[in-house]
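The values are calculated or read from the model by the stated rules, or taken from the named source; none is laboratory data. The shown structure was predicted, so the numbers you read here are calculated from the model rather than taken from an experiment. In this analysis, Cβ positions are derived from the backbone assuming ideal geometry, glycine residues included, and neighbour counts consider all displayed protein chains. With ligands, DNA and RNA removed, areas are computed over all heavy atoms of the protein, side chains included. Shrake-Rupley method; radii C 1.70, N 1.55, O 1.52, S 1.80 Å.
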Amino acid sequence: MSQPFELPEFYVPYPARLNPHLEEAREHAAAWAEERGMLEGSGIWTRADLDAHDYALLCAYTHPDASAHDLSLVTDWYVWVFFFDDHFLEIFKRTQDRPGGKAYLDRLPAFMPMDDATAPPEPTNPVEAGLADLWARTVPAMSHGWRRRFAVATENLLNESLWELSNINAGRVPNPVEYIEMRRKVGGAPWSAGLVEFAAHAEVPQAVAASRPLRVLRDAFSDGVHLRNDLFSYEREIGDEGELSNGVLVLETFLGCSTQEAAEAVNDLLTSRLQQFEHTTLTELGTLFADHGLDAAACADVLTYVKGLQDWQSGGHEWHMRSSRYMNKSVAGRGERFLPALPVLSALAGGFGTSAARIVAPVTTTRRAETARARRFTHVPHQRVGPSQLPDFDIPFTLRLSPHLEGARARVVEWALRVGILDAPPWDEEKIRDYDLPLCAAGIHPDAAADELDLSSAWLAWGTYGDDLYPVQYGRSRDLAGARLCTERLATFMPVEDLDAMPAPVSPLERSLADLWTRTAGPMAVPARARFRNAIVIMTRSWLWELENQAQNRVPEPVDYIEMRRLTFGSDLTMSLCRLSHGTGIPDAIYDAGPMRSLENAAADYACLLNDVFSYQKEIEYEGEVHNGILVVQNFFDCDYPAGLRVVDDLMRSRMSQFQHVAAHELPVLYDDFQLDSEARKILDGYVHDLENWLVGILNWHRYCRRYTESDLRRHLRGPWALPNAPTGLGTSAARLFRRPAA
């Protein structure tokens, strides 16, 4: 039987190396699996199955420098996780037994106690027995911070199997963004990253573990691992297992293309994620080290961890090329050249005697990969694109507007004049009236009292003003240091414990934030203040990411763009305003649960992309921006504006469909899982309705504010410094230095 598609040429920038302790790990893993009841008699594997899958070979390729002891332990972890995957498939996925699957998964965290003195329960199956043994053998060498992170990654890997099971039950293929997010959890690569820390003896310092650079490195690594696996496992998963969670199938369904075309698109996305990994390593880690004052040992740990992720990526590819578990018959030996073992290469691989008798040197890059890399940095700004083209938006919710709208319109201007944000560019009184932020607030909060609507209007005005100010004040001069200082100072105007503990503001941006924070945080409990503050901090820090890309003239990578766009748009801030009216009756664990995150992210992505559609001409033609979803799609697929718009429109529709699916089918299950009472269910149903208002209110504002049409843009650009016919292209940036900033 022929393969469903030909595997594409892969971008593998780091040659794979093989750990010399492979045979010892093989023997140990087989004995360990037999002792835990995973082989003959389990109904899942036989010894022949384990030998054919050869997880020791996977670990020897992915951890080439690990000691014999560490390699054996890591191999046991992989035997366990693959056995779990097959065990869950046979017992629960094939029978579509969600209640049984949930009860099975609910027991497993008890086998990962944080406290050494806490004994796990008695195991009742091979998965529990294996986890209890592995946890006890691993955690003594690791910090409590690592234990917490690894336990969370393990629980995510286990629990998100229910998401896959739910999709099989519903016969539903996820959309691309949903798939990427959920695959990280169920696919296990973040879990693998934790084992890289263990095997490399290079724990990520707790101070930076949650930072953007480390998160991007982990997520880009994870996406690369999972997308590669999807290409090799498509035949088995789709043909044999009935899976719907495979990246090739996801893009095949979303793009309406052939399986071969979808496979090429998945490989392009895999390549872009690996190049994002490289870009983050080279451009963001140095600043991170300096910001946190990491000492040499901590910096070395992070870099060793990065090297370990690179080793895993290349080793995982090599294993997929060889394992009997995957579709790889047609690519054996393709694109490889064999070189004699040279001493310098042997030394780089970990010392003399650590290499095989020959070194396999794969072709590390492809013309397609390098063309895509170059395209990301060669966008020509200020191209004429004409008026933004608007599709038919499919928001099925009813718009309601607050009766206090007219009063709020007058009062937000009074507030802006009082705090000084209209005293100098980029805003003036005409612009704030044209932008009509109270219209947005009135749709988002149709039931707000007059003072509540005034507060929401002012927050929207502050966020929009800040987003407009940063490119003008810091972007054109490439003053990234000044922008960072400004951003860090903004955090000081949001004290959590003592509301009076803030410095004297020295700019309109600071003065307006201090005013809003005092008015908003005063009635809040301290934990709610901390959460609200965090939403604002991550938004303002995301503006630095935009400035850095603009300075590099770099069109963002698609996945990084989607995830950062939620932050630059202020989604967390405005959604937090929706939550304020719900009080403190809902546990944080509900809002942090997968279905709720999925609901919010789907809504945020729809709103962000809607903004990109309306602002395309403003950003591409007038501002010379690189942060627009249509441009990102154009750059990734190398297509024109209409084609990019069609893809974005399709993605918006799929995200709206997901929002409705989660609200109708996943939230009721979440309510049952948490055993919520009727009052809590009513509050959360109200939050869903608030998000519906949020979406339709944002659409209505874009349609009727005076910010995005060509006539609005021309009017806002009038003045002696405006250059409506400024030259474009490489080498012409100096001619645009005095172009008045667009709104």
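The table below gives the values:
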{"read-out": "Flag if residue 691 is closer than 16 Å to residue 601 by Cα and open to solvent by 10 Å² or more (accessible area, probe 1.4 Å)", "value": "no"}
{"read-out": "Test result for residue 743, at pLDDT below 90, assigned to a helix (DSSP H, G or I) and closer than 27 Å to residue 554 by Cα", "value": "no"}
{"read-out": "Residue 655 vs. criteria over 28 Å from residue 431 (Cβ atoms) and among the basic types (Lys, Arg)", "value": "yes"}
{"read-out": "Which listed residue, of 141, 151, 136, 129, is hydrophobic (A, V, I, L, M, F, W, C), at pLDDT 95 or above and closer than 26 Å to residue 205 by Cα", "value": "136"}
{"read-out": "Test for residue 80: is it more than 19 Å from residue 186 (Cβ to Cβ) and of a type in the set (Phe, Trp, Tyr)", "value": "no"}
{"read-out": "Counted residues, region 521-532 - those being assigned to a helix (DSSP H, G or I), farther than 19 Å from residue 419 by Cα and hydrophobic (A, V, I, L, M, F, W, C)", "value": "4"}
{"read-out": "Filter pass, residue 676 being assigned to a helix (DSSP H, G or I) and either surrounded by fewer than 21 Cβ atoms within 10 Å (Cβ to Cβ) or not small (Gly, Ala, Ser) (or both)", "value": "no"}
{"read-out": "Whichever residue in region 654-673 is of a type in the set (D, E, K, R) and modelled with pLDDT under 95 and, among such residues, is most open to solvent (accessible area, probe 1.4 Å)", "value": "672"}
{"read-out": "Residue match in region 65-73 (condition: open to solvent by 30 Å² or more (accessible area, probe 1.4 Å), free of Cβ contacts under 8 Å to residues at least 24 places away in the same chain and out of contact with any Cys (no Cβ under 8 Å at 6 or more places or on another chain))", "value": "yes"}
{"read-out": "Filter result for residue 579 (in contact with a helix residue (DSSP H, G or I) (Cβ under 9 Å, 6 or more places away or on another chain), closer than 26 Å to residue 521 by Cβ, surrounded by 19 or more Cβ atoms within 10 Å (Cβ to Cβ) and basic (Lys, Arg))", "value": "no"}
{"read-out": "Every pair of residues 6+ apart whose Cβ atoms lie under 9 Å, when the first sits in region 420-444 and is closer than 30 Å to residue 689 by Cα and open to solvent by 20 Å² or more (accessible area, probe 1.4 Å) while the second is hydrophobic (A, V, I, L, M, F, W, C) and part of a helix (DSSP H, G or I)", "value": "433/413"}
{"read-out": "Some residue of region 65-82 being assigned to a loop (DSSP other than H, G, I, E, B), out of contact with any strand residue (DSSP E or B) (no Cβ under 8 Å at 6 or more places or on another chain) and either modelled with pLDDT under 95 or small (Gly, Ala, Ser) (or both)", "value": "yes"}
{"read-out": "Condition check for residue 563: at pLDDT 95 or above, among the acidic types (Asp, Glu), open to solvent by 10 Å² or more (accessible area, probe 1.4 Å) and out of contact with any Leu (no Cβ under 6 Å at 6 or more places or on another chain)", "value": "yes"}
{"read-out": "Failed item in (1) open to solvent by 40 Å² or more (accessible area, probe 1.4 Å); (2) modelled with pLDDT of 95 or more; (3) in contact with a helix residue (DSSP H, G or I) (Cβ under 8 Å, 6 or more places away or on another chain), with residue 408 passing the rest", "value": "(1)"}
{"read-out": "Count of residues meeting criterion [open to solvent by less than 10 Å² (accessible area, probe 1.4 Å) and either over 21 Å from residue 646 (Cβ atoms) or touching an Asp or Glu at 6+ places or on another chain (Cβ under 7 Å) (or both)] in region 603-621", "value": "3"}
{"read-out": "Meets criteria (crowded, with 20+ Cβ neighbours inside 10 Å, touching a residue at least 60 places away in the same chain (Cβ under 8 Å), out of contact with any Ser or Thr (no Cβ under 7 Å at 6 or more places or on another chain) and at positive phi) for residue 624", "value": "yes"}
{"read-out": "Matching residues, region 213-236, being crowded, with 20+ Cβ neighbours inside 10 Å and of a type in the set (D, E, K, R)", "value": "218, 219, 223, 228, 230"}
{"read-out": "Qualifying residue in region 505-518 (condition: among the β-branched types (Val, Ile, Thr) and in contact (Cβ under 8 Å) with a residue 12 or more places away in the chain)", "value": "yes"}
{"read-out": "Within region 106-131, considering residues that are open to solvent by 20 Å² or more (accessible area, probe 1.4 Å) and among the aliphatic types (A, V, I, L, M), the one farthest from residue 75 (Cα to Cα)", "value": "117"}
{"read-out": "Identity of the residue in region 290-302, without any contact (Cβ under 8 Å) to a residue 60 or more places away in the chain and in a helix (DSSP H, G or I), that ends up surrounded by the most Cβ atoms within 10 Å (Cβ to Cβ)", "value": "299"}
{"read-out": "Which listed residue, of 456, 402, is within 29 Å of the chain's Cα centre (by Cα), over 29 Å from residue 631 (Cα atoms) and of a type in the set (Gly, Ala, Ser)", "value": "456"}
{"read-out": "Qualifying residue in region 23-30 (condition: touching a residue at least 60 places away in the same chain (Cβ under 8 Å) and surrounded by fewer than 20 Cβ atoms within 10 Å (Cβ to Cβ))", "value": "no"}
{"read-out": "Test: residue in region 43-56 that is farther than 15 Å from residue 325 by Cα and either at pLDDT 90 or above or more than 30 Å from the chain's Cα centre (by Cα) (or both)", "value": "yes"}
{"read-out": "Residue list for region 492-520, restricted to those being over 17 Å from residue 573 (Cα atoms), open to solvent by 70 Å² or more (accessible area, probe 1.4 Å) and in a helix (DSSP H, G or I)", "value": "511"}
